[in-house]
Amino acid sequence: DNLAASPGRTFLLGLVNYLFLGAIVLVSLNLGPAAVIGIGLGGILLVGTLLGLPAAAMLVGTRLYDLRERETTRWSEILAGSVTLYLAALLPVVGWFIVLPALCLWCFGTTALTLLNRNRQGAVEAE
């Protein structure tokens, strides 16, 4: 829902987090014993990106099926979106340097925004 409702916001959130955490990862990997922190933060970037990927695949799949005006299931939307994103990322130059980085930023931004919204909803329910 976050990616479909505000793609620009999720992209910017992903960009800011990637730049900030990426800088910390690069610096800490060069500091000897602090490399453990860099590896951990790099893992957080990777896991956050992978957690947001199904949301992006489902969004693309939903829009593809809307164009064809067919009945669908969530799994078929995710599968169609995944295949489309995979093929788009394989395109020489455009896929490698535009589609793939943008997709990673959107996916991480979606994960971060989902976690922020979940924390806000939990705080509101606690009151």
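Here are the numbers for the structure shown:
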read-out: Any hit, segment 57-66, residues being closer than 20 Å to residue 8 by Cβ, open to solvent by 70 Å² or more (accessible area, probe 1.4 Å) and without any contact (Cβ under 8 Å) to a residue 40 or more places away in the chain; value: yes
read-out: Search result, residues across segment 18-37 that are open to solvent by less than 40 Å² (accessible area, probe 1.4 Å) and out of contact with any Ser or Thr (no Cβ under 6 Å at 6 or more places or on another chain); value: 21, 22, 25, 28, 35
read-out: Residue match in segment 96-111 (condition: surrounded by fewer than 11 Cβ atoms within 10 Å (Cβ to Cβ) and not hydrophobic (A, V, I, L, M, F, W, C)); value: no
read-out: Yes/no for residue 2 being open to solvent by 60 Å² or more (accessible area, probe 1.4 Å) and out of contact with any Phe, Trp or Tyr (no Cβ under 8 Å at 6 or more places or on another chain); value: no
read-out: Residue match in segment 52-73 (condition: under 19 Å from residue 22 (Cβ atoms), among the hydrophobic types (A, V, I, L, M, F, W, C) and not in a loop (DSSP other than H, G, I, E, B)); value: yes
read-out: Qualifying residue in segment 7-17 (condition: part of a helix (DSSP H, G or I), within 19 Å of the chain's Cα centre (by Cα) and among the hydroxyl-bearing types (Ser, Thr, Tyr)); value: yes
read-out: Breaking point among (1) modelled with pLDDT under 95; (2) over 15 Å from residue 108 (Cβ atoms), for residue 41; value: (2)
read-out: Given (1) open to solvent by less than 100 Å² (accessible area, probe 1.4 Å); (2) touching a residue at least 12 places away in the same chain (Cβ under 8 Å), number of the condition residue 51 does not satisfy; value: (1)
read-out: Some residue of segment 101-122 being closer than 19 Å to residue 10 by Cα, basic (Lys, Arg) and at pLDDT below 90; value: yes
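The values are calculated or read from the model by the stated rules, or taken from the named source; none is laboratory data. For clarity, every value in this text was computed on a predicted model and none was experimentally measured. A quick note on method: Cβ atoms are made from the backbone with ideal geometry, for glycine too, and the neighbour counts reach across all protein chains shown. To get the accessible areas, we keep the full protein, side chains included, count just its heavy atoms, and leave off ligands, DNA and RNA. Shrake-Rupley method; radii C 1.70, N 1.55, O 1.52, S 1.80 Å.
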